[in-house]
1. Give me a comma-separated list of calculated 3J(HN,Hα) values for the range 185-200, in order, Karplus coefficients 6.51, -1.76, 1.60 applied at θ = phi - 60°, integers in Hz, x for any Gly or Pro.
2. Quick one: the Cα spread of the chain along its three principal axes, in angstroms, biggest first?
3. Set the Förster radius R0 to 22 Å, insert the Cβ-Cβ distance between Ala122 and Leu53 as r into 1/(1 + (r/R0)^6), and round the FRET efficiency to 0.05.
4. Output the relative contact order of the chain, whole-number percent, from Cα pairs under 8 angstrom with separation of 6+ residues.
5. What residue among Asp199, Asp58, Asp105 has the largest mean-square fluctuation in a Gaussian network model of the chain, using Cα springs under 10 Å?
6. Residue-wise, which Karplus ³J(HN,Hα) couplings in Hz belong to the range 101-108, taking 6.51 cos²θ - 1.76 cosθ + 1.60, θ = phi - 60°, and x for glycine or proline?
7. Taking a 1.4 Å probe, which of Cys120, Cys112 shows the most accessible area, and what order do the others take after it?
8. What is the pair-distance distribution P(r) of the range 16-86, computed from all Cα-Cα distances in 5 Å bins starting at 0, with each bin given as a whole percent?
Amino acid sequence: MRGIATRSATITDRVLGWATVVAGVVYSAFLVTPLLGTALDPARSYVSELAALDQPHDLVFRTVDGVVGLVVVAAGVHVVRGARVRAVRWAGVALGLFGAATLLDAVAPMACAPSADPACAAAEASRSAFSFGVHEVTSVAANGAAVLAVLLLAIARSRGRTADQPASPLEGAMLVGLPLVAVPGLLVVLEETVGLGLDGVVGYVQRVQVLTLSGVLVTIGLVVLRGSRWVRRRR
């Protein structure tokens, strides 16, 4: 029998489900920056630069990261506790790590925005390629955890599907989301470590990843909201 294996949604499912949906929407808050009049160039700046301490709306974006991080940690714990499939449990762990890293991003923001401050950019350029600060470490950890969570949920969702069954919309969303999270994240890491000559477009590359992660969080929230176990019913 096809479809998502579900149980009756509990109050916790509904609360955390809706909270995760809202967190997913809020995670793409950078879309409103044109209305805020920010001076950062979206082609050259990272989304995290909006929360740098020298930016006019830094507190708003740090608050967004903090709230999203807390909600995702709670959702990850909920997924781990309710999962009966190993891949889903590990996906919940990865989701929790992503939330924790996002929360740490809010606690340890960038001191300045390199794309808008020549002195800040010079200081960044003077560091060795692998000389990471707290923010860089948490960003890499968040990327890796997000990729792992999406991969494991995609595997769990396809569990029990026979070769003649087409992928469901949920499976399709996860399989499309996986490269859109992984590839931009890898490009950003490589640009920061070895340099790929993407200075003029790296901001757009990262924004694709952030938008995809927003969609992933909304999808996870909707599944939690329905009390899903992330697997198909057996035929």
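The values are calculated or read from the model by the stated rules, or taken from the named source; none is laboratory data. In this text the structure is predicted, and so the values were computed from the model without any measurement. Positions of Cβ are backbone-derived with ideal geometry, glycine not excepted, and every protein chain shown enters the neighbour counts. Remember, those area values only see protein heavy atoms, side chains included, never the ligands or the DNA or RNA. Shrake-Rupley method; radii C 1.70, N 1.55, O 1.52, S 1.80 Å.
1. x, 5, 4, 5, 4, 5, 4, 6, 9, 10, x, 10, x, 9, 3, x
2. Largest to smallest, the principal-axis extents are 62, 35, 30 Å.
3. Values: r = 17 Å, r/R0 = 0.79.
So the FRET efficiency works out to roughly 0.80.
4. Working: 380 pairs, mean separation 87.6, N = 235.
About 37 percent, as a whole number.
5. Asp199
6. 5, 5, 5, 5, 4, 6, 6, 10
7. Cys112, Cys120
8. So the P(r) values, bin by bin, are 3, 15, 23, 18, 13, 11, 7, 5, 3, 1.
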